[in-house]
Every structure is written in structure tokens, then in C-alpha cells.
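Written out below as C-alpha cells is the structure these notes cover.
The values are calculated or read from the model by the stated rules, or taken from the named source; none is laboratory data. Quick caveat: nothing in here was measured; it's all calculated off a predicted structure. FYI the Cβ positions are ideal-geometry reconstructions off the backbone, even for glycines, and counts take in every protein chain you see.
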Amino acid sequence: MREIFTRNEDTQLQSIEIDIDAGEYKEDFSWLFSVFIKYEAINDLSLAYEEFLETKESLIIAIEHEDKAKYLGTRVVDGWSEFYFCTSTTKELDSLVTAMLKDTTYGYESNIIKDKKWNFYETQLFPSELELIHIQSEKIIFLLQEEGEDLSVCRDVEHYVSFDTPTQKNRFLNTLDIEGFSFKDEISSEEFAYGIALVKNHAVNKEKVSEVVKELYKVIKENQSYYEGWSTTLVSQTIELEE
């Protein structure tokens, strides 16, 4: 399953697409094959960009042919789209890329290195714990948009925290001092026995959610606990009825 997120690395913005499940191939592929293509998208809706996306998918299909390689992800940095694959062979991939791209207008280069421990995938492509949380947040935000919600409208948002022990949970609650957050309820499930729901009133656009989650996540990690996501209710229909 592919996921897309952004990362600021040394003040440089990176757009990353990753096959989140690619790790299951770790035992079978020990080489990292990369293809760098120079393309700067001016308008994501342009025909040129659509053609570039078609080239990308065609390249992935061709390289994955006969299960000799698997797509890991793409990193877009400074106008270069960097495509990464794990592979079991060093043969024919360079010539395949050349055959597909030599008649295009794109600048390109390819490279292959030994990466038996999948160091690049795990440290440069795979999202951090906080980045995974932001990915899930964006999915919730997308669903709210699909319902026609005005994301700038503030509403109560529940944030869930879990703990390994009841002592950790009680210590967290006794020292809870995060602006705007209040305790709502204790929760438990098969996934975690000791959990709580905190509530804060705020907007649910991407920028605000990211800010709130980042603030809460920092405190949660300082207390050796776990952030389990957030949820909220629809408010647009309620506002319309009141009006």
C-alpha cells in the first residue's frame, strides 16, 4: 500500500511516496536500485505532468517484471524524482531504464548498491512514528472534507493516549498540564488495556491538527506512552440547523 507524506530534511522539503508494506520482501532482495529523473512540475494538472506520471508507472511495471525487483518508493527533492527498488539482480536494469527513457526529454541516471539490511528504506524512506500519525490524520481530514465539513470551524476533538501500566497512566493524568487539553474518559481495548481520551477544542484543517498533534506527541513521548490517534464529530450540519 502506497502512502504519501512530506518531510523537512535540513530545511529542504521532500515529498515521499512509500510502499508501506515493502518490508515483507526484505529476505528476498538485497540490492537497492535507484533511478533519478529530472522533472519540475509547474502545474500538477498539466498534460506534461500526466505524461510524467504515466512514465513513472510504466517504469515501475517494467522494473518489477517477472518479480526481479519491487518498488519501494519515490522521493522528490529539488526537482529530481528519485525512484527506489529492492532487487535480487544487478543485471539488465540499467539497460532497461535507458531503453525506456533515452527518447524522452527527461534527464536521468541510475545506480545500484548492496543494501542487505535495507538501511536506506528504513532510515530515508520509511515514515517516523510522528509522520505515520500525520498520514493517518490526513486520511481523517480527507473524510471530513468528503462530508462537506468546514475544517476551519473549531469543535471538540478527542485525542487518545495509551500506557503500558496503570501507574504510567495515573502519573500522566496527575501531571497533565497541556494548554487546552482536558481529561474526558478512560478507555480500554484489545490493543491497549490502559488508555485515556483527552479533549481539546480546535479546528481540523491540516495545519492546526499537525500543530496540536505535534505538541501532544512531544509530551506523550516524554512520559513513555503512546499516541493512538484522534476523532471528532461533524459540525457543519449542526450549524446549518441552528441557523
For the stretch 227-238, check the following and say yes or no: at least one residue is out of contact with any Pro (no Cβ under 7 Å at 6 or more places or on another chain), surrounded by fewer than 16 Cβ atoms within 10 Å (Cβ to Cβ) and assigned to a strand (DSSP E or B). yes
It is to be established whether one or more residues within the stretch 92-99 are in a loop (DSSP other than H, G, I, E, B), touching a residue at least 60 places away in the same chain (Cβ under 8 Å) and over 15 Å from Ile60 (Cβ atoms). no
Long-range neighbours under 8 Å by Cβ, at least six apart or interchain, first residue touching a residue at least 60 places away in the same chain (Cβ under 8 Å) within the stretch 128-153, second among the charged types (D, E, K, R): Leu130/Lys214; Glu131/Arg7; Ile135/Glu3; Ser137/Lys206; Glu138/Lys206; Ile141/Lys206
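Sort out which residues of the stretch 106-134 are among the aliphatic types (A, V, I, L, M) and more than 30 Å from Lys68 (Cα to Cα), and write them in order of number.
The answer is Leu130, Ile133.
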Considering the stretch 1-27, residues that are within 13 Å of Ser81 (Cα to Cα) and among the polar types (S, T, N, Q), and then whichever is surrounded by the fewest Cβ atoms within 10 Å (Cβ to Cβ), we arrive at Ser15
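Rundown of residues vs (1) modelled with pLDDT under 85; (2) outside any helix (DSSP H, G or I); (3) surrounded by 15 or more Cβ atoms within 10 Å (Cβ to Cβ); (4) assigned by TED's automatic domain parsing to the domain that holds Phe83, yes/no style:
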| residue | (1), (2), (3), (4) |
| --- | --- |
| Phe29 | no, yes, yes, yes |
| Ile37 | no, yes, yes, yes |
| Ile42 | yes, yes, no, yes |
| Lys56 | no, no, yes, yes |
| Ile60 | no, no, yes, yes |
| His65 | no, no, no, yes |
| Lys70 | no, yes, yes, yes |
The stretch 107-126, residues that are surrounded by 12 or more Cβ atoms within 10 Å (Cβ to Cβ) and over 14 Å from the mean Cα position of the chain (by Cα): Gly107, Tyr108, Glu109, Ser110, Ile112, Asp115, Trp118, Phe120
Which is in a loop (DSSP other than H, G, I, E, B), in the same structural domain as Ile220 (by TED's automatic domain parsing) and over 19 Å from Val213 (Cβ atoms), of Asp150, Asp185, Asp177? Asp150
Taking the condition of a type outside the set (A, V, I, L, M, F, W, C) and farther than 28 Å from Val35 by Cα, does Ser95 pass? no
Taking the conditions exactly as written (hydrophobic (A, V, I, L, M, F, W, C) and either under 27 Å from Tyr227 (Cα atoms) or free of Cβ contacts under 8 Å to residues at least 24 places away in the same chain (or both)), does Ile112 satisfy them or not? no
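Here is a check on your reading of the model: is Tyr194 within 29 Å of Asp19 (Cα to Cα), surrounded by 12 or more Cβ atoms within 10 Å (Cβ to Cβ) and of a type in the set (Ser, Thr, Tyr)?
No, not satisfied.
Could you pull out the residue among Glu207, Glu186, Glu129, Glu242 that is loosely packed, with under 12 Cβ neighbours inside 10 Å, of a type outside the set (Val, Ile, Thr) and either modelled with pLDDT under 95 or at positive phi (or both)?
Glu242
Out of the residues in the stretch 157-211 that are of a type in the set (S, T, N, Q) and under 24 Å from the mean Cα position of the chain (by Cα), which is farthest from Ser137 (Cα to Cα)?
Ser162
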